[in-house]
Every structure is written in C-alpha cells, then in structure tokens.
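Heads up: the structure comes next, in structure tokens.
Taken together, the values in this text are just the output of simple stated rules run on the coordinates, not laboratory data. Keep in mind the model is a prediction, meaning the values are calculated, not measured. Positions of Cβ are backbone-derived with ideal geometry, glycine not excepted, and every protein chain shown enters the neighbour counts.
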C-alpha cells in the first residue's frame with residue numbers, strides 16, 4: 001500500500017472520505033492539531049519524518065463578506081483564509097516535493113472550489129484563494145513532472161460534507177435547483193476521482209471539475 005497524507009482529514013468531508021481511502025492506501029489523516037499547514041517548519045518536519053508518496057490537501061477556510069465591509073473586526077477571518085488556503089498549499093508543496101524528487105515518484109492533489117469560476121458577491125477572498133491554488137498547482141506540476149511527480153487540482157462543486165453543511169436550508173435548495181443533477185456530490189464520486197488522478201500519470205497539471213452539471 002502506498003502512503004497518503006490527507007491534510008484536513010478531520011473535517012466533515014475528510015471524515016467521510018478517509019474510510020474509502022483506507023480500502024486502497026495507508027492513510028495518515030491530519031488535523032490542524034497534528035500538523036498546522038500555516039506553520040512552514042511543522043509541515044517540513046512532518047515530511048522529513050514520514051515517507052509520503054501521495055498528498056491530498058482538503059484543508060480550507062472560508063469567510064464571506066463584502067470587500068467594503070473588511071475592517072479590524074473581521075480581518076482575522078480574512079487572514080485565516082490567506083494563511084490556510086494560500087500559504088498552507090505553498091508550505092505543503094515546499095515540504096513534500098524535495099522528498100518526492102528523491103523517490104522519483106509522487107502525487108499531489110489539492111481541493112479547489114467551483115467558486116474559483118463563479119462570480120458571487122461576498123466570496124471574493126475565498127474564490128481568489130482557490131484560483132491562486134489552481135495556478136500554483138499547475139506550475140508545480142510543470143516544474144516537477146520530469147521527476148515522476150504529478151500535481152493536480154479537483155474543483156469541487158457542492159458536496160455531501162464539509163462547507164455545504166454550513167449553508168442554510170433555504171439557500172441549499174436554491175443551489176440544488178441550479179445543479180444539473182439536482183443533488184450534492186457523493187463521497188464515493190470524489191474517491192473515484194482521486195483514484196483516477198493517482199493511477200493516470202498522463203493526467204497532470206490540470207484542474208478536473210466535478211460539479212454535477214452546475
């Protein structure tokens with residue numbers, strides 16, 4: 001079994017996904033208490049102590065507000081998005097890539113969001129952080145695919161776990177009506193997508209969109 005490190009494994013989506021991954025991989029599920037992705041030294045130390053072949057980052061922070069409403073009272077929420085969604089991905093790549101280059105094989109998969117493509121008021125910081133991640137992963141692949149390392153992003157629509165549970169019921173119904181399949185994505189569908197990326201080396205440097213026809 002290849003070893004996979006799942007950052008954000010203790011969240012709502014992670015808890016549902018881990019049992020699927022354990023069928024095929026040796027899983028290390030990580031919460032922020034295990035490894036703080038915003039702490040460069042902690043992330044690097046983790047990869048120095050563990051031989052990781054596959055990295056899956058599903059950690060993330062979200063906070064909705066109008067740009068004109070950002071002030072000292074909510075600035076910490078904005079900084080959390082930047083620290084986790086942007087700096088966290090930089091730290092993970094910086095930590096895992098040197099070891100993967102030594103091993104001449106690796107897979108890096110990061111979760112993005114359909115909001116990267118949509119233009120929805122109050123989501124500017126979160127949406128921009130996901131667009132940043134997609135470009136970051138794309139370039140990471142360009143730099144490292146020659147070493148047998150592929151880097152890809154999964155752009156999720158609305159899923160049966162994680163941040164979707166925080167949306168109020170009325171808004172959930174409005175969103176579902178805009179989805180072609182009229183339902184949330186299922187955990188096994190995400191698991192199958194992750195397997196596809198891991199098993200197919202020629203799929204690399206890409207963002208795969210799974211959104212139910214949104």
Least to most buried among 159, 184, 105, by other C-beta atoms within 10 Å and fewest first, runs 105, 184, 159
Per residue of the chain, what 222 nm ellipticity follows from adding -39500 (n - 2.57) for every DSSP H run with n ≥ 4, rounded to the nearest 500?
-12500 deg cm²/dmol
For the chain, take the longest principal axis of its alpha carbons; what is the angle in degrees between that and the long axis of helix 40-49, to the nearest 10 within 0 to 90?
40 degrees
I'd like the distance separating the alpha-carbon centroids of the range 1-32 and the range 163-214, in whole Å.
18 Å
Measure nothing but the geometry: give the 0 to 90° angle between the long axis through the Cα atoms of 12-21 and the longest principal axis through the Cα atoms of the chain, rounded to 10°.
40 degrees
At a 10 Å Cβ-Cβ cut-off, how would you order 35, 145, 114, fewest neighbours first?
145, 114, 35
Which one, [x] 1, 7, 15, 20, 21, 17, 10, 6, 3, 1, 0; [y] 1, 6, 13, 16, 16, 13, 11, 8, 6, 4, 2, 1, 1, 0, 0, 0, 0; [z] 1, 6, 12, 13, 12, 13, 14, 13, 9, 5, 2, 1, 0, gives P(r) over Cα pairs in 5 Å bins from 0, in percent as derived from the coordinates shown?
[x]
Estimated inter-spin distance, residue 31 and residue 147, nm [label 7 Å along Cα→Cβ]:
3.2 nm
In degrees, nearest 10, range 0 to 90: what is the angle between the Cα axis of helix 88-103 and the longest Cα principal axis of the chain?
20 degrees
Based on alpha-carbon centroids, what's the gap between the range 50-124 and the range 147-161 in Å, whole number please?
12 Å
When the chain is modelled as a GNM with alpha-carbon springs shorter than 10 Å, which of 83, 41, 168 fluctuates the most?
168
Of the listed peptides 190-199, 174-183, what is their order by residue-averaged count of other C-beta atoms within 10 Å, with the highest listed first?
190-199, 174-183
